[in-house]
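Engineer: Here it is: the structure, laid out below.
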């Protein structure tokens, strides 16, 4: 009988530890409760490499996350909703850009504060956006394109 109690207690401890790790992982990835944040909207030409849950950073520091991405059938742009830390008051002329962590790194969303005196309110739209730049298409243009400077020295 004492063995069964010890097994039950060990099983309960394992389940409690697993639940604790799940809560910790959910909060760390941005899927946990977001009570200290407010929503903003933005519309991008391309959101390549960005998904719901992607980081939103300011000066390299995570200040929020992407909560949803939907296609706008009227504009054919990707509409994004982001949650930003409540303590961060962004000027109304701020910019939002999809940036890359490097040649082999992933993409994230970067906020670039403007200089306006008015701040963005919860639910406002950041109008100055820059979508993702495809590295593959840039390389293809570089490799396949002709250079104008090569044609300058020749005469027809």
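The values are calculated or read from the model by the stated rules, or taken from the named source; none is laboratory data. Fair warning: this is a prediction, and the values are worked out from it, not measured in the lab. Cβ: placed from backbone, ideal geometry, glycine included. Neighbour counts: every protein chain shown.
Engineer: Please identify the pairs in which a residue from region 123-140 that is over 14 Å from residue 81 (Cα atoms) has its Cβ atom under 6 Å from the Cβ atom of a residue that is modelled with pLDDT of 80 or more and part of a helix (DSSP H, G or I), counting only partners at least 6 apart or on another chain.
Structural biologist: That search, which allows pairs on different chains as well, returns nothing.
Engineer: Related question: I'd like the full set of residues that are at pLDDT 85 or above, under 21 Å from residue 62 (Cβ atoms) and within 17 Å of the chain's Cα centre (by Cα), limited to region 116-140.
Structural biologist: Hit for region 116-140 is 126, nothing else.
Engineer: State which residue is surrounded by the most Cβ atoms within 10 Å (Cβ to Cβ) when the search covers only region 56-70 and only residues that are without any contact (Cβ under 8 Å) to a residue 12 or more places away in the chain and more than 16 Å from residue 123 (Cβ to Cβ).
Structural biologist: Just the residues of region 56-70 that are without any contact (Cβ under 8 Å) to a residue 12 or more places away in the chain, to begin with: 59-62, 70.
Filter once more, keeping what is more than 16 Å from residue 123 (Cβ to Cβ): 59-62.
Values: 59: 9, 60: 7, 61: 9, 62: 12.
Among residues in region 56-70 that are without any contact (Cβ under 8 Å) to a residue 12 or more places away in the chain and more than 16 Å from residue 123 (Cβ to Cβ), the one surrounded by the most Cβ atoms within 10 Å (Cβ to Cβ) is 62.
Engineer: Only one residue in 53, 26, 32 is surrounded by 10 or more Cβ atoms within 10 Å (Cβ to Cβ), over 18 Å from residue 130 (Cα atoms), touching a helix residue (DSSP H, G or I) at 6+ places or on another chain (Cβ under 8 Å) and at pLDDT below 90. Which one?
Structural biologist: Values: 53 fails: touching a helix residue (DSSP H, G or I) at 6+ places or on another chain (Cβ under 8 Å); 26 fails: touching a helix residue (DSSP H, G or I) at 6+ places or on another chain (Cβ under 8 Å).
So the residue among 53, 26, 32 that is surrounded by 10 or more Cβ atoms within 10 Å (Cβ to Cβ), over 18 Å from residue 130 (Cα atoms), touching a helix residue (DSSP H, G or I) at 6+ places or on another chain (Cβ under 8 Å) and at pLDDT below 90 is 32.
Engineer: Taking region 71-91 as the search range and keeping residues that are surrounded by fewer than 17 Cβ atoms within 10 Å (Cβ to Cβ), part of a loop (DSSP other than H, G, I, E, B) and in contact (Cβ under 8 Å) with a residue 40 or more places away in the chain, which one is farthest from the chain's Cα centre (by Cα)?
Structural biologist: Across region 71-91, the extreme among qualifying residues is 87.
Engineer: Of everything in region 97-115 that's modelled with pLDDT of 85 or more and part of a loop (DSSP other than H, G, I, E, B), which residue is nearest to the chain's Cα centre (by Cα)?
Structural biologist: Among those that are modelled with pLDDT of 85 or more and part of a loop (DSSP other than H, G, I, E, B), it is 113.
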